[in-house]
1. By how many nm would the segment from Lys603 to Glu107 grow when fully extended, if each residue of separation counts as 0.36 nm and the alpha-carbon distance is taken off?
2. Quick check on packing: order 113-123, 73-83 by the mean number of other C-beta atoms within 10 Å, highest mean leading.
3. Could you rank the peptides 319-331, 189-201 by their average count of other C-beta atoms within 10 Å per residue, with the highest value first?
4. Taking neighbour counts of Cβ atoms within 10 Å as a proxy for exposure, in what order, fewest first, do Asp247, Asp273, Asp210, Asp49 appear?
5. Can you put Arg432, Arg212 in order, fewest other beta carbons within 10 Å first?
6. Could you order peptides 58-70, 597-609 by the average number of other Cβ atoms within 10 Å of their residues, highest first?
7. So which of Lys314/Lys499; Lys418/Lys499; Lys418/Lys454; Lys20/Lys314; Lys109/Lys417 end up more than 32 Å apart by C-alpha?
8. Along the Cα→Cβ direction, 7 angstrom out, place labels at Met569 and Ala470. What is the inter-label distance in nm?
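Only the coordinates and a few stated rules stand behind these numbers; no lab work does. For clarity, every value in this text was computed on a predicted model and none was experimentally measured. With ideal geometry, Cβ positions are generated from the backbone for all residues, glycine too; neighbour counts draw on all protein chains shown.
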Amino acid sequence: MATDTPTTPPGTTVPTTHPKGFFFLFAGEFAERFSFYGMRAILPLYLSDQMGFGEEDGGRYYTFFLAACYLLPLLGGYIADNFFGKYWTIVGFSLPYVAGQFLVGFENKWFLLLALALLAMGTGVIKPNISTLMGITYDQQRPGQDKLRSNAFQYFYMSINIGAFLSQLIVPAVRDATGSYLYAFLVPAVFMVVALAIFAAGKPYYGTEDVRRKEPETAEQQVAKLRVLGQVFLLFLLVSFFWAVFDQSSYTWVFFAKTYMDLNVLGYNLAPDSIQALNPFFIVLFIGGALAFRTLRPARPGEVERPGMAPTTKMLIGFLLTAACMGVMAVAGYLTGDPEKGAVIKTGEVEIYTPLGKAELSQPTIDLAGKDAAFGNAGGTMTFPGSPLRLTFAKYSAADADGFKFRDGELELGGGKKLYFKDGRVDFDRSRELFAGGTFEVPGSAQVILKPNKRYQLADGVLVTNRGNAVRVEPGATLPPSRSQDKPSASVGPGKYTKPENKVSVWWMALAFLVITVAEVLISVTGLELAFVVAPKSMKGFITACWLLTVFVANAFINAPIAGLYPAMHPGQYFLLLAVVGLAVAGLFVPVSRRFNRAMEEKARKEREASVAANTATA
């Protein structure tokens, strides 16, 4: 067990400045959280689109990954307390963390499973130990400086959210700029290496640890632990629902933004997964503003700080805001109208969404909504009702649940314009009429998404693509030979089609993030503080582990089982369902909070009686 005996010699003045170790912990935590949240930001679309799992399975695998990340802190605390100490546990488990970050971008399902296991183990095991090591450092090197330590933890929380904010903007942008998930995942991998180097370099400045195996708990200690757990069990159970809704923002909201939202803001097209950066941005804004206010506002003479709102009242407001947040998303979902089943024609360069059609082949007719998988290999023609599009293709593969692939063909767009495919890629030379005006355009009701920030060789130069399907040609330029190992292929499969006029503004999601962030501050920070009040000093670590388990419960037992509902339901119905459940949870919290408050009052009464009895005995 790690001890935290003060190391400041008796009789010396305790410094009022932060110890040197804090700055290493702050910078290391910033880089590690940049790494984790950057990887996490693009993981849902990587699973659903790039790896081909789809929104249902991709969402389910993502929630299980998050659940593992918040279950393994129990193991991390046990290993650190009983065997290696905080420092060496963090260093040792950062190595598989780094390996996982480098492996996750290789598009191989076995590498993916290994990478996710390493990432969950790495982040989960080190999660409960960094903040605890900082607490030990302050207790030893700045004993009695409780306000200084409190400020340090708030700055530490700021480092987490600054790292998350920057990574959730930068990593999706790198993916879009390079057109590669592998390169995008390398950015958080490099930051994890930096985090490990910074943290390791600070070892001389951290608090010292005396690691000993814990003695087995006595029956009295076990009863005390169960009593405390009983006091917070219902509180934590309801908090799990909050985390279930909060973590929806990292995958179902991303899927919603991709399909149903107009992501153009002031002429700039946002990546659907970059919108997540709003949550840490608002956190930094709120907490940073509060810190600045307390720092800059001078205390008035004789001013007495008034008691604020009761903690349970804050949490109740937080639960109501959680329901309101999902209400905002439900309104946005219903404003999109009824989503249509569509078809998507996809290559490594472009995605084209259109209303669902049928293929007329030399073999039996195929319908993407319910197709026969027995095809020949001669090719055929696909027409799209309500659209001038007509796809003629050759040498397709046998169909599966996701459609079929082809290599060569042409897509008639109406008005005599055509998009040509050759060897599984877009033939930009033959298709150059489509971008003669500086924008890659497909007429009619179809939607085209040209991969931005890419360069393609033409016969007389290089085609450069930008966001919003804007293109330009660099005459006479050439590209070096490609070293890409990917196998080019064009495919046709089912997808979700949303008419451009039915897409809703991204500002709806910005409002939802604002509301859920306020709820997070009211529930997460307040709830953890309440749990600490209940627990005696010897059980703070146990309560912290139980608090982290609420996120595990949220994803393993709420989000994972309902992962199939979002793809199957209208988005408005799905979000409205969560809003209704949120109101029910807020209603349940009222009697739970009253029970909790009575337990706190009883605890305070017994402590007063014990104090009076002790004073009487010594008088």
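1. Values: separation 496, 0.36 × 496 = 178.56 nm, distance 5.56 nm.
Going from the current span to full extension adds 173.0 nm.
2. Details: 113-123: 21.2, 73-83: 19.5.
So the peptides 113-123, 73-83, ranked by packing, come out 113-123, 73-83.
3. Details: 319-331: 22.8, 189-201: 19.4.
For the peptides 319-331, 189-201, the packing ranking is 319-331, 189-201.
4. Numbers: Asp247 21, Asp273 25, Asp210 10, Asp49 17.
Neighbour counts put them in this order, fewest first: Asp210, Asp49, Asp247, Asp273.
5. On the way: Arg432 16, Arg212 11.
Final ranking by Cβ density, sparse to dense: Arg212, Arg432.
6. Values: 58-70: 23.1, 597-609: 11.7.
Per-residue Cβ counts within 10 Å, averaged per peptide and sorted highest first, yield 58-70, 597-609.
7. Working: Lys314/Lys499 41 Å; Lys418/Lys499 22 Å; Lys418/Lys454 21 Å; Lys20/Lys314 36 Å; Lys109/Lys417 39 Å.
Where the Cα-Cα span goes over 32 Å, the pairs concerned are Lys314/Lys499; Lys20/Lys314; Lys109/Lys417.
8. It works out to 4.0 nm between the two label points.
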